[in-house]
1. Would you list Val10, Val16 from fewest to most Cβ contacts within 10 Å?
2. Determine, for Ile122, Ile9, the number of other Cβ atoms within 10 Å of each Cβ, and report the residues in order from fewest to most.
3. All other residues with a Cβ under 13 Å from the Cβ of Arg57 taken together, and with Lys, Arg as +1 and Asp, Glu as -1, what is their net charge?
4. Work out the FRET efficiency for Ala86 and Ala106 from their Cβ-Cβ distance, taking R0 = 30 Å, and round it to the nearest 0.05.
5. Looking at the calculated P(r) for the chain, what percent of the C-alpha pair distances fall above 22 Å?
6. Using a simple charge model, +1 on the beta-carbon of Lys and Arg, -1 on the beta-carbon of Asp and Glu, nothing else, what dipole does region 32-113 show about its Cα centre, in debye to the nearest 20?
7. Would you order Lys48, Lys12 from fewest to most other beta-carbon atoms within 10 Å of each residue's own beta-carbon?
Amino acid sequence: MTDTTPNDIVNKAFRVTFRGYAPQEVDDFLQNVSDSLFHALEENRRLKSQLDEQRGRVQQYQETESLMTNALLLAQRTADDLRHQAHQEADLLRREAQQLIRAEYATLDDLRQTRQRVIAEIRAVLQSHLLLLDAQAQQAAPPGSEAR
């Protein structure tokens, strides 16, 4: 079946026969049908053009959506990687800080032990000097007097 155009309708010629239709009515009807077909074809072209335009927009939106989805996925992966690295660095810093604290406590214990030892040594030296002083005081005291 071939497509009928408005020109085909307007230019259609019918045989004139006895007892036929009124030619002017047929011509008027064909002109109305031709006009209606012309408007329908124009509307069809306009709608096809709009459809093509909308399809283009949909495709652009789909491409934009795809780009945004990829960007969001990349951002999420990057954030996850950064969070993971931050946790690893925090754990490493925590372990290093704990080692430093243990080392400082060990140094503090060593210093306390050294202090106790020095105090004990000084006390021993002082006691020994007191004993020497007492001994010298007894030797220097006149016979028969008692040392204080």
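Every number here is computed from the coordinates shown, using simple stated rules; none is lab data. Owing to the predicted nature of the structure, the values given are computational and were not obtained by experimental measurement. With ideal geometry, Cβ positions are generated from the backbone for all residues, glycine too; neighbour counts draw on all protein chains shown.
1. Numbers: Val10 15, Val16 8.
Result, fewest neighbours first: Val16, Val10.
2. Ile122, Ile9
3. Numbers: positive: Arg55; negative: Asp52, Glu53, Glu63, Glu65.
After counting each charged neighbour, the total is -3.
4. On the way: r = 30 Å, r/R0 = 1.01.
Efficiency at R0 = 30 Å is approximately 0.50.
5. Working: 8589 of 10878 pairs.
In whole percent, the long-distance tail amounts to 79.
6. Values: 11 positive and 15 negative charges, 19 e Å.
Roughly 100 debye, rounded to the nearest 20.
7. Numbers: Lys48 10, Lys12 13.
Final ranking by Cβ density, sparse to dense: Lys48, Lys12.
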